[in-house]
1. List the residues whose amide H sits under 5 Å from the amide H of residue 415, counting only those 5 or more places along or on another chain, with H placed 1.01 Å from N in the peptide plane.
2. Run the numbers for residue 67 and residue 223: contour at 0.36 nm per residue of separation, minus the present Cα-Cα distance, in nm.
3. Could you pull out every residue, at least 5 positions away or on a different chain, whose amide H is within less than 5 Å of the one on residue 246? Hs are placed 1.01 Å off N in the peptide plane, and Pro or chain starts have none.
4. Based on the Cβ-Cβ distance of residue 367 and residue 339, what FRET efficiency does E = 1/(1 + (r/R0)^6) give at R0 = 60 Å, to the nearest 0.05?
5. Subtracting the Cα-Cα distance from 0.36 nm times the residue separation, let me have the gained length for residue 55 to residue 241 in nm, one decimal.
6. Taking the Cα centre of the stretch 313-438 as the origin and placing charges on Cβ (Lys, Arg +1; Asp, Glu -1), which of 336, 429, 390 is farthest toward the positive end of the dipole?
7. With r defined as the distance between the Cβ atoms of residue 348 and residue 80 and R0 fixed at 45 Å, what FRET efficiency is calculated, to the nearest 0.05?
8. State, to one decimal in nm, how far the label point of residue 214 lies from the label point of residue 466, with both points 7 Å from Cα in the Cβ direction.
Amino acid sequence: MVVCFVHKLVLSGLGTVSGSPQSNQIYCTGELLRQVQQAQLFTDDKHFVDMPLRAKPEEVLGQFQQLVNATPGGGALSRQQLAAFVEAHFFPPGQELQAWEPPDWTSRYGLPPALRLWPAQRHLPGSPRALSLASPPPPLRGRGDSVCDFPSRDSFWIIEGLLLSGMAATAEGMIQNFLFLVEKFGHIPNGGRVYYERRSQPPFLTLMMESYLKHTNSTSFLRRNIHLLEAEYRFWQQQRAVNISTGGQQYQLNRYRVPESGEQGVLQACAHQPPQQSLWAELKTAAESGWDFSSRWFLPGPRSTQATLRDTKASEVVPVDLNAILCRVERLLATFYRELGEAQKADSFQAAHEQRVAAIRAVLWDDQAGSWFDYDLLQQRKSTAFYPSNVAPLWAECGVDAAVVEKALGYLQGSSALSYANGLPASLARTGQQWDLPNAWAPLQHMVIEGLAKSSLPQAQELAFTLAQRWVRMNLAVYERHHAMFEKVPSRSGGEAPLRCVAMGPVRLSPLQVGFGWTNGVVLQLLDRYGSRLTSTGALVTPMLPWIGTCLALALL
Ligand SMILES: *[C@@H]1O[C@H](CO)[C@@H](O)[C@H](O)[C@H]1NC(C)=O
Ligand SMILES: *[C@@H]1O[C@H](CO)[C@@H](O)[C@H](O)[C@H]1NC(C)=O
């Protein structure tokens, strides 16, 4: 039964975390959590773990224990008792955030409605109420109207949008939030909640610094914080590296991998066929990648509808995009250290960059197909399915020369992915997962467009423009129709079945996210790059989105 375990994923014990042990006993594991979930007090499992405490965790736990001790029959509280206890000791979710007006607000592109949809959220410091947040300093920006986690992956595109909008101070505040998290945890957790702490997310922090410096030249900010950029990189090298032998040589690359926690936690509430710890770890690994969930992680293929979430083996995949990001991080750290006059460090990062270029070339590049592919560690071969992330090295400028661009262009042109009128789908497999056909996601469009646009090949630049034109028109059409931007859109309208958000029954649901930071950030960047050429007339597609408002999507875990 798939239903049950996805449902509970977010609540599984995440082992030792560096937050207070008492707050972990409330939000990650322990009797209170178990009883609340078993009684199904809330329709959304994440509801309870997002509720801030009204008092110190040890006090709340103490009171709960008293109640348990006073309850005959093994201490199982009635539903009513539990509801009363939760109401007395917890605030509703979201109370630790408050609306916040960025001080440097401007509107440069005449698109303020889209931008104003970006929620600004700020953490209220200093009270036990905040304990379910991992305490970053203000300001904190979220991704959508109702999401108060802060994935750095989303924020990378949001920050670009802010910088283009002249909001460098707000962008700096966001980067500072992430630096704070690296200082505290040694890496960037998957979200600001204690239950996310063992899971990271794609390493975009150094790229955010690059964006910020491009707009501000603030060497002093870089100098103050470069050790934290390096710390985040070390986390990936120490915790997420893997060696691969091919052609008589050994290469080191990186993968996503959340360790098994060994804790059952509330899993026991899930009576029949509880999933293996290893599967839990794989699902969390998929969440760490940001592609949660996708046939991209279903091993071994074939990537058909027969494969299910249960086939997720994300840690056995060496992803092209992760390694492209790290390749760019290494080059940037070399550049940054050189600017700061630290030649030795600069040399060592330059060497790491060159090693990765060689590794990507040897392990991930397929000269015949003209593309890079994820590497399947189980079967020790490339997985040749299409994902927009396959061409991420173009965007990262990692081992790219004219011949490579020409081949990659041919690969894209030969792919049926280009035939989707609204944008490149996340994959060509229809599985019901949200990072699969038919969904198109803004950051993936942007990576491909940027990668092509950066090349010196006119045909590649032209394809970049075509994709940009499509994407901007489609978002405009959606915006005009729904007065909102969305986290994802179907890659084709008409003829396509309506987007199926959930294919596995009653998994944890949350409304489709509107807002939506990265979609806005990408549109702003495309307007910035192509503003003079883009046209809004003659839009080929007016996407019908019958699912908005009624359809539900899996939220990020
Ligand atoms: C940053 O420095 C570069 C090179 O000195 C200069 O061309 C650019 O205009 C500067 N940008 C800002 C925002 O000051
Ligand atoms: C890869 O191999 C090198 C050299 O043999 C070793 O130092 C390194 O620790 C290995 N890395 C991993 C992730 O196993």
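1. Placed amide hydrogens put nothing under 5 Å from residue 415.
2. Length difference between fully extended and current span is 50.9 nm.
3. For residue 246, the qualifying residues are 251.
4. Efficiency for this residue pair is about 0.95.
5. 62.8 nm is the gain from fully extending residue 55 to residue 241.
6. The Cα lying farthest towards the positive end belongs to 429.
7. 0.15
8. My value for the distance between the label points is 2.5 nm.
Coordinate-derived values only; no laboratory data. From a predicted model like this one, the values you see are computed outputs, not experimental measurements. FYI the Cβ positions are ideal-geometry reconstructions off the backbone, even for glycines, and counts take in every protein chain you see.
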